[in-house]
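Here's the structure we're looking at; comments come further down.
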Amino acid sequence: MTSSTEQSAVTVLGLGPMGRALAGAFLDAGLRTTVWNRTPGKDRELVERGAVGARSPETAVAASRLTVVCVVNYDAADAIVRRGAVTDALKGRTVVNLTADVPDRARSTATWAAEHGIEYLDGAIMTPTTTIGTPAATFLYSGPEELYRRHRPVLDALGGTHTHLGEEIGRAAAYDVALLDIFWTAMAGYAHALAVARAEGITARELAPFARGIGTILPPIFEQEAEEVDSGRFSGEGNPITSAVSSMAHIVHISEAHGIDAGVMRAAEGLARRAIGRGHGADGFLRITEILNPR
Ligand code: NDP
């Protein structure tokens, strides 16, 4: 296969909402796109748009030098690619796994890939399906840099920003779990806030514009406090934990007065109280990172 063919063909395994978005972006970019999904029928719209619908994962991976895998987790990815015929067909080709999972799964997949002569790059998608193919998409990768550079022209078809985080294969997944930690605890906080607001007669629609305001406070805090967290010095000048814990206690109180589970806020409040108990009441809230994981 010539280099230009290498850069004009791609296979996508997994056609859930994200896999379909990825395959759609490859098609829009004019790449010869071969697709396969465990449950048949999910390729219909893509095939109508010009994709090749493969009958089996082994024929799908044989069609391109590059295979992008995007399924629910690594158990599912393994169930597809770690089977004799598929593994054999992948020999000498590249897998970019955009499936989300924990770093150790990426590491064990890299070992498996090396044992079978398969080139392997791990990746993570940090934005929703609607961003794929647009400037708003964000992709993270880790693994051999040369491999990343070689396949970047095809991956660019997915739009947005692509960042190679280093050669250590688990790094993209490690960023992914840390970033999803922010997302899901924030979503749990939002769900809890909506429940408390409803108990006070405030609709989600009424709260939303002000919730957006809270959202915009966070990005500068993430940036400003990064150095404090990395250095282990936590200035609580603007908002010491003693003050923060007082407002957390109000939230716990009103929640439980309405019969609403305050577990999400109690977890945060408990960590803050432990920091105060250890004599760090004058520090900022992120001092709790030292309780969660002492350096
Ligand atoms: P899902 O996470 O629900 O994954 C669905 C896909 O996984 C389908 O192709 C499904 O096949 C396949 N699958 C599940 N179990 C198995 C199995 N045992 N064997 C083979 N295939 C299996 O939906 P998404 O497509 O949205 O997500 C794919 C990945 O992308 C996930 O890791 C997700 O975390 C990540 N992601 C998704 C985002 C989103 O907005 N959707 C955003 C960022 C990342 P079948 O149709 O046969 O069930």
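For residue 50, the conditions (1) part of a strand (DSSP E or B); (2) surrounded by fewer than 20 Cβ atoms within 10 Å (Cβ to Cβ) all hold with the exception of (1). Applying a threshold of 7 Å to beta carbon distances and a minimum spacing of six or more residues, or different chains, the list of pairs starting in the range 161-189 at a residue that is open to solvent by less than 70 Å² (accessible area, probe 1.4 Å) and ending at one that is modelled with pLDDT under 95 reads 188/264; 189/264. Looking only at the range 132-160, residues that are more than 16 Å from the ligand (Cβ to nearest atom) and either open to solvent by 60 Å² or more (accessible area, probe 1.4 Å) or in a helix (DSSP H, G or I) (or both) come to 13 in all.
So if I check each of 243, 235, which one is among the hydroxyl-bearing types (Ser, Thr, Tyr), in the same structural domain as residue 261 (by TED's automatic domain parsing) and part of a helix (DSSP H, G or I)? So that I can check it myself, show each step before the final result.
Numbers: 235 fails: part of a helix (DSSP H, G or I).
Result: 243 is the single residue among 243, 235 that is among the hydroxyl-bearing types (Ser, Thr, Tyr), in the same structural domain as residue 261 (by TED's automatic domain parsing) and part of a helix (DSSP H, G or I).
Among the residues here, residue 209 does not qualify as within 12 Å of the ligand (Cβ to nearest atom) and without any contact (Cβ under 8 Å) to a residue 24 or more places away in the chain. The single condition from (1) within 14 Å of the ligand (Cβ to nearest atom); (2) assigned to a loop (DSSP other than H, G, I, E, B); (3) open to solvent by 10 Å² or more (accessible area, probe 1.4 Å) that residue 55 fails is (1). Among the residues making up the range 3-21, those that are at pLDDT 95 or above and within 14 Å of residue 62 (Cα to Cα) are 9, 10, 11, 12, 13. Does the range 202-219 contain any residue that is outside the structural domain of residue 70 (by TED's automatic domain parsing), assigned to a helix (DSSP H, G or I), closer than 24 Å to residue 110 by Cα and of a type outside the set (D, E, K, R)? No. When residue 78 is tested against (1) open to solvent by 60 Å² or more (accessible area, probe 1.4 Å); (2) within 13 Å of the ligand (Cβ to nearest atom); (3) of a type in the set (D, E, K, R), just one condition goes unmet, and that condition is (1). Residues of the range 260-276 that are over 15 Å from residue 194 (Cβ atoms) and open to solvent by 70 Å² or more (accessible area, probe 1.4 Å): 266, 273, 274.
Going through the range 93-131 one residue at a time, which ones are assigned to a strand (DSSP E or B), open to solvent by less than 40 Å² (accessible area, probe 1.4 Å) and acidic (Asp, Glu)? Outline the logic, then answer.
To start, the set of residues in the range 93-131 that are assigned to a strand (DSSP E or B) comprises 94-97, 119-125.
Within this subset, residues satisfying the condition of being open to solvent by less than 40 Å² (accessible area, probe 1.4 Å) are 94-97, 120-125.
The one that is assigned to a strand (DSSP E or B), open to solvent by less than 40 Å² (accessible area, probe 1.4 Å) and acidic (Asp, Glu): 122.
Would you confirm whether or not the range 30-40 contains a residue that is open to solvent by 20 Å² or more (accessible area, probe 1.4 Å) and assigned to a helix (DSSP H, G or I)? Within the range 30-40 (the criterion being open to solvent by 20 Å² or more (accessible area, probe 1.4 Å) and assigned to a helix (DSSP H, G or I)), the answer is no, since none of the residues qualifies.
The values are calculated or read from the model by the stated rules, or taken from the named source; none is laboratory data. Every value quoted in this text rests on a predicted model; they were computed, and no experiment measured them. No Cβ is skipped: glycine too gets one built from the backbone with ideal geometry, and neighbour counts run over all protein chains shown. Side chains are part of the model used for accessible areas, which takes the heavy atoms of the whole protein and leaves out ligands, DNA and RNA. Shrake-Rupley method; radii C 1.70, N 1.55, O 1.52, S 1.80 Å.
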